[in-house]
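The values are calculated or read from the model by the stated rules, or taken from the named source; none is laboratory data. Since this is a predicted model, take the numbers as computed values, not measurements. Positions of Cβ are generated from backbone atoms using ideal geometry, with glycine treated the same way; all protein chains shown enter the neighbour counts.
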């Protein structure tokens, strides 16, 4: 049986580098872009952005970023 925990970056700020690297390796988006968004998460006043990872022990097995985007047409 798979046992995992969900970690929210806001609750685990020391995990920022590790989380950013994991997202970067999975999606190929520049590491600095993740670090910038994660810094905004940790120092921002609003609910967005926020970052989450699922961990099995110390291994990250999945992740989710809640970010503001302008790439979706406003007509949707």
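With the condition kept exactly as written, say whether any residue in region 42-49 is in contact with a strand residue (DSSP E or B) (Cβ under 7 Å, 6 or more places away or on another chain), buried (at least 17 other Cβ atoms within 10 Å of the Cβ) and not in a loop (DSSP other than H, G, I, E, B). Explain how you work it out, then say what you get.
Applying the first criterion (in contact with a strand residue (DSSP E or B) (Cβ under 7 Å, 6 or more places away or on another chain)) to region 42-49 yields 48-49.
Cutting the leftovers down to buried (at least 17 other Cβ atoms within 10 Å of the Cβ) gives us 49.
Then drop every residue that is not not in a loop (DSSP other than H, G, I, E, B), which leaves none.
No, there is no match, as no residue in region 42-49 is in contact with a strand residue (DSSP E or B) (Cβ under 7 Å, 6 or more places away or on another chain), buried (at least 17 other Cβ atoms within 10 Å of the Cβ) and not in a loop (DSSP other than H, G, I, E, B).
Can we say residue 16 is surrounded by 17 or more Cβ atoms within 10 Å (Cβ to Cβ) and either modelled with pLDDT of 95 or more or not in a strand (DSSP E or B) (or both)? Can you show your working first?
Numbers: surrounded by 17 or more Cβ atoms within 10 Å (Cβ to Cβ): yes; either modelled with pLDDT of 95 or more or not in a strand (DSSP E or B) (or both): yes.
Yes; evaluated as a whole, the condition is true for this residue.
Just to be sure before I move on: is residue 52 surrounded by 14 or more Cβ atoms within 10 Å (Cβ to Cβ), assigned to a strand (DSSP E or B) and under 13 Å from the mean Cα position of the chain (by Cα) in the structure I sent?
Values: surrounded by 14 or more Cβ atoms within 10 Å (Cβ to Cβ): yes; assigned to a strand (DSSP E or B): yes; under 13 Å from the mean Cα position of the chain (by Cα): yes.
Yes; evaluated as a whole, the condition is true for this residue.
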